[in-house]
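The next block holds one structure in the form of structure tokens; read it before the comments.
Coordinate-derived values only; no laboratory data. Note that the coordinates shown come from a computational prediction; the quantities given were computed from them, not determined experimentally. Note: ideal-geometry Cβ built from the backbone for every residue, glycine included; neighbour counts use all protein chains shown.
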Amino acid sequence: MWKQCLRHVLFLHWPLEAAIIRKHIPRPLAVDQYENQAWLSLVVVRLEIALASIPWPRLRFPQVNLRTYVRYRDRPGIWFFSLHPHHQFASNVARWMTPLPFRHAHVHYQLGRHGGRIHAVCRHRCYLELDIMFTITSSTATCATLETWLLERYHVFAVNRRGTLLVGNFQHEPWQTFQAQVDNCRFSAAPLLGLNFPAPPVANFSLGVDGQFGSFQPLIGA
């Protein structure tokens with residue numbers, strides 16, 4: 001089991017037609033929808049990881065994740081299109097130990113008192129190009145229904161090289177987030193190349209959470 005400390009997390013959310021997401025999601029997973037709308041999220045985080053049983057050494061680096069929202073029967077979860085650590089060794093180890101699509105990227109995350117700027121580039125198969133400036137616009141934690149639907153998910157689904165559908169669990173306290181505003185947005189990523197992504201209509205910032213991520217297991221009944 002891995003211990004993860006997620007710090008200074010920026011969540012950017014876009015609504016998308018479910019049909020666009022559907023062709024990238026394996027069955028029997030369903031595209032989860034909020035009020036008949038699928039969602040895509042870009043998450044930028046300063047990550048610190050270590051084995052739960054061995055508190056040292058720890059790896060620290062920024063990372064960009066591209067994800068959407070799925071459901072298996074009554075179990076809501078996350079599907080990652082890609083995960084981009086700014087750490088070559090961490091990327092290699094994660095790709096070897098998990099079925100998730102990790103690819104190293106150059107990620108620069110500058111954070112000031114009221115906002116920050118993020119620049120990321122990945123030229124691998126999981127292509128990513130990102131340049132974002134944002135401002136934290138609220139000092140009061142938000143608890144909107146949509147944000148809860150997007151953030152409070154504790155299952156991650158993936159497919160291994162054999163085509164077996166797997167599920168992993170991420171245990172953490174509920175997110176405490178603040179409203180954010182994106183002042184500049186340039187974003188392109190596989191497998192959704194060619195789509196236009198304006199400034200996201202929903203953006204949140206969190207100081208972070210601590211959690212533990214267990215190993216992936218075959219999804220019973222899939």
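A few remarks follow.
- Segment residue 27-residue 135, length gained on full extension (0.36 nm per residue, minus Cα span): 35.0 nm
- Two-decimal log10 I(q)/I(0) for the stretch 15-104, as the Debye equation yields it once each C-alpha is a single scatterer, q = 0.13 Å⁻¹: -0.53
- Between 180, 144, 120, the GNM of the chain built on Cα springs shorter than 10 angstrom shows 144 fluctuating the most.
- Comparing Cα centroids, the stretch 130-180 and the stretch 54-129 end up 13 angstrom apart.
- Full extension of the chain between residue 171 and residue 35 gives 46.3 nm of extra length, using 0.36 nm per residue less the Cα-Cα distance.
- For the stretch 58-78, the residues whose amide N sits under 18 Å from a probe point set 7 Å from the Cα of residue 88 along the beta carbon direction are 59-63.
- Distant-in-sequence amide H partners of residue 70 (H built 1.01 Å from N, under 5 Å): 32, 77, 78, 79
- For the stretch 113-209, the set of GluC sites (Glu not before Pro) satisfying both a DSSP loop assignment and a count of at most 15 other C-beta atoms within 10 Å is given as 152.
- Under the Debye formula (equal points on every Cα, no solvent term), log10 I(q)/I(0) of the stretch 2-218 at q = 0.14, 0.17 Å⁻¹: -0.85, -1.36
- Fluctuation leader among 172, 104, 114 - the chain, Gaussian network, Cα springs under 10 angstrom: 114
- Taking θ as phi - 60° and the Karplus parameters 6.51, -1.76 and 1.60, the scalar couplings of the stretch 35-44 work out to 6, 6, 9, 7, 9, 10, 10, 10, 10, 10 Hz in sequence order, x denoting glycine and proline.
- Listed residues 103, 67, 161, most fluctuating in the chain (Gaussian network, C-alpha, under 10 Å): 161
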